[in-house]
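The values are calculated or read from the model by the stated rules, or taken from the named source; none is laboratory data. Since this is a predicted model, take the numbers as computed values, not measurements. Because the Cβ atoms are built from the backbone with ideal geometry, glycine has one as well, and the counts that use them run over all protein chains shown.
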Amino acid sequence: MSSPENERPGYRRVWLTFVRNALIREMTFRGNFVITILTRALWFCSQVLLFKIIFSNVAHITEGWTEYQYFAFMATGMLINALIETLFMPNAANFSELIRTGNLDFALLKPIDTQFLISFEKMDLAMLNQVVLAIGLLIYALSHLPSGTQVTPARVALYLVYILAGVTIFYSLMISLASTAIWFGRNQGLYDFWFYITVFARYPRSIYQTEPASVAGGVILFAFTFVLPILVAVTVPARVLLGTLGNQSWLAGIALAAAVIGLVISRMIFTWSLRSYRSASS
């Protein structure tokens, strides 16, 4: 007789099963899949066009961000956002529905970590076109940087590390907000909060460093660097790749620390919330 440990499925195999299931779902409604890809591609192109128009009138939008440097930043933000929306957003949005219908009971009974299951069970594969477009924009931006700018393999490797850190920061925030559905039943307001605060990460951190210094800018910088460090999630990998961190290298340490601490805290919140869960059958 096999032991319980041998009966537990491998996480890699389970994740690949989730990918296959997601692909089957997308191919079931191919027309919707294609339309989603096209509309998101049009949105992407409109964003690029908007900033091309802006940079046709100004040399830079904030200190240290010229046109193609900003496009590298923009591509980095879009890449992180696309990974989040591909892998995690469908599951976070569906968590309250699992609680309402009682299907969370079945997730808790499965021989696999519940947070892993809740985080990866569904995927939005149509968002992968945003990953491709973001990488294309990044290559375009890097190819138009001044000749003195060198993008070395070491920088690329560090860039990927900080991309992972950025994804982890946003995932930690998302799963923490989703966990509150156990206490509140529905948490649409918290999802709105998620989208509102992530708007700040669409722009470089330095844009909030006003001259003369303003109270609002200082509050935003402090809150979104040290409390909810979403500003470093995108700014740091972009600056690492461009080699423009300079005397702000301490931000790189904050990004890594925030990723680790955020993952630990979000795990604690998720586990704590499950202890408050009452089965639909009870």
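Looking at Ala216, Ala233, just one residue is of a type in the set (A, V, I, L, M, F, W, C) and modelled with pLDDT under 90, and that residue is Ala216.
For the structure I just gave you, tell me whether Leu79 is among the aliphatic types (A, V, I, L, M) and within 29 Å of Arg275 (Cβ to Cβ). Here the answer is no, as Leu79 does not meet what is asked. Inspect the range 17-36 for any residue being at positive phi, surrounded by fewer than 19 Cβ atoms within 10 Å (Cβ to Cβ) and in contact with a helix residue (DSSP H, G or I) (Cβ under 8 Å, 6 or more places away or on another chain) and give the result as yes or no. No - not one qualifying residue is present in the range 17-36. Does the range 148-157 contain any residue that is modelled with pLDDT of 85 or more, surrounded by 15 or more Cβ atoms within 10 Å (Cβ to Cβ) and in a loop (DSSP other than H, G, I, E, B)? Yes, that holds for at least one residue.
In the set (1) in a helix (DSSP H, G or I); (2) under 30 Å from Ser143 (Cβ atoms); (3) not aliphatic (A, V, I, L, M), Thr244 fails one condition alone, (1).
Among residues of the range 153-170 that are in contact (Cβ under 8 Å) with a residue 24 or more places away in the chain and over 14 Å from Ala75 (Cα atoms), those with a Cβ under 7 angstrom from a residue that is of a type in the set (Gly, Ala, Ser) and not in a helix (DSSP H, G or I), sequence gap 6+ or separate chain, pair up as Arg155/Gly243.
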